[in-house]
Amino acid sequence: MKNNLVALIAGILFGLGLTISEMVDPARVIGFLDITGDWDPTLALVMASALLVTLPSFSFILRCHRPLCADKFSLPDKKNIDKPLIIGASLFGIGWGLGGFCPGPAITALVTLSPDVMLFVLAMLVGYYLVNFVNKYNVKK
Amino acid sequence: METNWLGGIAGGALIGLSAVLMLLFNGRITGVSGIVGSLLINQPLNERLWRAMFIIGLLFGAGIYIAIHGELNIHMQASRSLLILSGILVGIGTNLGSGCTSGHGVCGIARRSQRSITATLIFISIAMLTVFIKQKLGL
């Protein structure tokens, strides 16, 4: 129960962070990605500021025995740089550059009830599901 | 657009704080693509619940911003057909590549994960290249 409350509070902080920094606006994101034009460094500021908080805190937290409201840390177990990582990050990069939306801002921007945002999120879920579907099929084979 | 110094720094700190709370209390990585995508698979209710709560929080946070600021302005940068293609690529890419800007960019780098540092460098440079080509083609 407690960890649901933590997730809710973390979600609120994250949503506030994305809106205050205007990262929910694809124009801000494209302004950062467009290095040939009038470059907008806001996205870099957001990442740098977030990392300034997470970098020292994470190494401290991960030295603890266990998290405060769970039995163990649930961290990704993959360590090696493999083909899916490289291909996936590249496809994500193309999609991000085309629309200026990545998952967090797109979900958050749903509050505007914009049909364009809904369309993007729907397409994103379809794409995500497609990989699950192909993986399941491959395992069955 | 003029650089949003204050909003960028304050917003980034809030995002960082969110990721710290999730790791400290729940032992979880705050990766939005994974949190949303995991809701598509069959899993026990308690695994679904915290993810749903996080997403409700995202929307609630944006709601608070609108209540204070009065409005939330977004400016679409692509046509509808391009948005659909973009969404599909983001969905496939973040699933295959195990993360997005939050999971790899904010949390993974903080864990000093080689995979996340590599992924972040790749998606930022490919996205910059995509914007460059898109403009050259006049799309």
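Any read-out appearing in this document is the output of simple, stated calculations on the displayed coordinates, not a laboratory observation. As the structure is a computational prediction, the values presented were derived from the model and not from experiment. When we count neighbours, we look across all protein chains shown, and the Cβ atoms used for this are built from the backbone with ideal geometry, even at glycine.
Descriptive notes on the structure:
- Taking A:ASP116, A:ASP77 and counting other C-beta atoms within 10 Å, the order from fewest to most: A:ASP77, A:ASP116
- Value of [θ]222 nm, deg cm²/dmol, for chain A, DSSP H segments ≥ 4, -39500 (n - 2.57) each, nearest 500: -22500 deg cm²/dmol
- Looking at the stretch A:9-84, the trypsin sites (Lys or Arg not before Pro) that sit in a DSSP loop and have at most 13 other Cβ atoms within 10 Å of their own Cβ are A:ARG63, A:LYS72, A:LYS78, A:LYS79.
- Loop-located trypsin sites (Lys or Arg not before Pro) in the stretch B:30-118, at most 15 other Cβ atoms within 10 Å (DSSP): B:ARG112
- A:ALA70-A:TRP39 FRET efficiency (beta carbon distance; Förster radius 51 Å; 0.05 resolution): 0.80
- Förster-model FRET efficiency, 25 Å R0, B:ASN46 and A:ARG63, C-beta, rounded to 0.05: 0.40
- With K and R counted +1 and D and E -1, the other residues having a Cβ less than 15 Å from that of B:ILE41 yield a net charge of +2.
- In order along the stretch A:76-89, the Karplus-derived 3J(HN,Hα) couplings, from 6.51 cos²θ - 1.76 cosθ + 1.60 at θ = phi - 60°, round to x, 9, 6, 10, 8, 7, 10, 4, x, 4, 5, 5, x, 4 Hz, and Gly and Pro are given as x.
- A:GLU22 sits among other residues whose Cβ lies under 15 Å from its own Cβ, and their net charge, with Lys and Arg +1 and Asp and Glu -1, is -3.
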